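Just below is one structure, and these are the notes that go with it.
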Amino acid sequence: MKSAPALDALWVQVAMLTEDGQLRRLSGTFARFVGSLGTATPALMLACVLLSELEGRGHSCLMIDQLALDPATLMAWDKEQWDALARSAGTLPRNRKGWIDQLTASDQVWHVGDFDFDQPLVLDGERLYLRRYWRDETLVAHTIRARAGLVREVDAPSVRIWLDILFASERRTKGPDWQKLACAIALRGSIAIITGGPGTGKTYTVARLLALLFAVAPDAGRQRIALAAPTGKAAARLKQSIDKALTELADKVGTTLPLRDLTARMGAARTLHSLLGARPDTRTFAHNKGNPLDIDVLIVDEASMVHLEMMASLLDALPVGATLILLGDKDQLASVEAGAVLGDLCRDAQAGGYSAATMAYALAASGETIPAEYGGAGGALAQQTVMLRSSRRFSGPIGQLALAVNAGDVARAEEVLRAGDGTVRWIEHGHQQHVVQLAFDGYAPYLSLLGEGDGGQAHETWVRAVLHRFEAFRVLCAVREGEWGVGGLNDAIEQRLDGAGLIRRRGEWYVGRPVMITRNDYGTGVFNGDIGLTLGDPARPGSLRVYFLEGDKVRSVLATRLRHVETAFAMTVHKSQGSEFAHTVLVLPRERGAMIARELIYTGITRASAQFTLVSPLAAILGESIAQRTQRASGLREMISG
Ligand SMILES: Nc1ncnc2c1ncn2[C@@H]1O[C@H](COP(=O)(O)OP(=O)(O)OP(=O)(O)O)[C@@H](O)[C@H]1O
């Protein structure tokens, strides 16, 4: 069938925007595919292009009112770019209602409530979805809503006795002890969310929650507890911190509670993929509603990195009677994939919104009074959400900077950066060579240890020491491409290190090459985001292995078996989530309008535990980025509260 002239013109514009890098090739292809399933009106095709494009940017749906009101802003395009595209499509609906009517009339769109014959697109109220995302979002919303409404009977006086023991000798900070409150609130629910910035004590709190569960649950000895996180590194860190906290607690409470048994019974922390039983090359998992996980309590750390599809799979596989505890920093960057689940779930965490009943229970169970300013008419999930508000690790300039950025206070952020006390530093008008020099200095310690060799000590001990030194420093980029991106900087850093004789690049693999895995590989047991170092294999001189640190364990894989890797002297901020480096260098690009927002800057800063350096080619880009917020379209909140 010949396409209408308006459609031809639309495809020409779509092709131009694709050439210009404003659209993914996939977006046009997807729209044509949908068009091939029924009548391809220009309005529907345009909506498909935009929906697919937004999905690539992490949105789970297209908000029709934004499409009708301000499409250029929605797409982060110039007005001229939008106008040209809209003109090419001919007459488009004039308003929200017009769009909804047109979409509802399309054979390819299921309007929720109408007859469903598995159309690829779903219109739910004013949100247009790809069917898969609608299904995931609905599952997450309904399951969380149901869980949030399930509040157990708790013997508050005995909980209070235990909480007083577990939090004994705490130095009082100003205001209530939110950690204690979090334990009391989480104990009664089938779901709880504990959010807070770095060092606010999320793992410290959850270790006490486990001890509390152990103390008061009637079948404590049989509780099956699982720990998980989105990445292997985050899982290993969670396990380490919980073990450490429980060991300290065990010393404190003595024989009153056999906490060492609890630690021994908990087992390793796993990645969510492995917990759910990922199947190579499919999106499905061994565990699901029909074959649920065999657990009573699941603790998931770094929940901000859990994308919509993974959260849906997790909730689907969780037995109805099990308790889910999500830990994470709501202000961090969301996952690369669509959805900003933790951010959506925690939208009211700052304000609290606790009901009178929650406040009364919290007081009875913890002895802590929630200040009236945090009272309100929050929904069921708000009653099960606690934000930890003071950081033990981040009180110095790095913490002040993170706070200022989070609050959108550009002047304060610049002031902290310019105060330059050595902990934070800003190279305002930087050149690539500044970053290269910082990398040279930052990576010299591990490279010099490499150069010295193992000196006769056990190979694994030496490898662990090299890996620890490598983990102390990292260059983080906001973008992938160009002089200021991961690619350009890795090249420049390699060249400099090679020139100085610290590495000897021979082809792709060389001793000292840090690599990041870019795709899960079940055969070798490495996962997207894992970072390792290439070193000689003592058992087979001349061959190279990549060594990975998991907690304190060292694991290695023959380098030539790893196919999906990239050099990792510099990496993206996105991929750095869940990691911390003593000295972190954050590099901003020159281009304006790159999609850099406050959450990215905040995440970069909070990766630094002792020293933070910002390098920007232009000073203004910092303020512009802080002023910009990432808003991902989703219907999660509306569905949960509706
Ligand atoms: N109430 C407390 N009393 C004493 N020390 C505490 C308390 N809360 C936390 N800490 C200490 O502060 C440090 C940070 O705590 P923790 O690791 O639990 O924070 P976190 O929020 O999980 O951090 P991250 O986001 O980096 O994982 C730890 O050394 C912990 O032992």
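The values are calculated or read from the model by the stated rules, or taken from the named source; none is laboratory data. Please read these numbers as outputs of a predicted model, since none were measured by experiment. Neighbour counts run over all protein chains shown; Cβ positions are idealised from the backbone, glycine included.
Scanning region 287-302 for residues being surrounded by 14 or more Cβ atoms within 10 Å (Cβ to Cβ), assigned to a strand (DSSP E or B) and more than 16 Å from the ligand (Cβ to nearest atom) gives a total of 3. Looking across Ser556, Ser616, Ser543, one residue alone is modelled with pLDDT of 90 or more, out of contact with any Phe, Trp or Tyr (no Cβ under 9 Å at 6 or more places or on another chain) and either under 28 Å from Ala458 (Cα atoms) or crowded, with 19+ Cβ neighbours inside 10 Å (or both). It is Ser543. Does any residue of region 100-111 turn out to be in a loop (DSSP other than H, G, I, E, B), out of contact with any strand residue (DSSP E or B) (no Cβ under 8 Å at 6 or more places or on another chain) and among the charged types (D, E, K, R)? Scanning region 100-111, I find at least one residue that is in a loop (DSSP other than H, G, I, E, B), out of contact with any strand residue (DSSP E or B) (no Cβ under 8 Å at 6 or more places or on another chain) and among the charged types (D, E, K, R), so the answer is yes. In summary, helices (runs of 4 or more DSSP H) completely within region 570-642 and bearing 1 or more residues that are within 16 Å of the ligand (Cβ to nearest atom) and within 16 Å of the chain's Cα centre (by Cα) occur at 573-576, 598-605.
Residues in region 303-324 that are over 22 Å from Thr603 (Cβ atoms) and not in a helix (DSSP H, G or I): Leu318, Pro319, Val320, Gly321, Ala322, Thr323, Leu324. Among the helices (runs of 4 or more DSSP H) confined to region 1-75, the ones with at least 3 residues that are closer than 13 Å to Leu130 by Cβ and free of Cβ contacts under 8 Å to residues at least 40 places away in the same chain are located at 25-36, 42-56.
Taking into account only those residues within region 380-405 that are among the β-branched types (Val, Ile, Thr) and outside any strand (DSSP E or B), which is nearest to Asp329 (Cα to Cα)? Steps first, answer last, please.
Going through region 380-405, the residues among the β-branched types (Val, Ile, Thr) turn out to be 385-386, 398, 405.
With outside any strand (DSSP E or B) added as a condition, the list becomes 398, 405.
Working: Ile398: 16, Val405: 14 Å.
Filtering region 380-405 for residues that are among the β-branched types (Val, Ile, Thr) and outside any strand (DSSP E or B), the one nearest to Asp329 (Cα to Cα) comes out as Val405.
On the stretch given as region 108-137, residues that are among the charged types (D, E, K, R), closer than 19 Å to Phe33 by Cβ and surrounded by 14 or more Cβ atoms within 10 Å (Cβ to Cβ) total 3. Residue-level check: of (1) within 16 Å of the ligand (Cβ to nearest atom); (2) assigned to a helix (DSSP H, G or I), Tyr133 misses just (1). The combined condition, being assigned to a helix (DSSP H, G or I), modelled with pLDDT under 90, among the polar types (S, T, N, Q) and within 16 Å of the ligand (Cβ to nearest atom), is fulfilled by Thr263.
Can you go through Val475, Val515 and tell me which one is within 26 Å of the chain's Cα centre (by Cα), more than 17 Å from Lys233 (Cα to Cα) and crowded, with 21+ Cβ neighbours inside 10 Å?
Matching residue, one of Val475, Val515: Val475.
Mind checking whether some residue in region 353-364 is over 24 Å from the mean Cα position of the chain (by Cα), within 16 Å of the ligand (Cβ to nearest atom) and in a helix (DSSP H, G or I)? No, because not a single residue in region 353-364 is over 24 Å from the mean Cα position of the chain (by Cα), within 16 Å of the ligand (Cβ to nearest atom) and in a helix (DSSP H, G or I).
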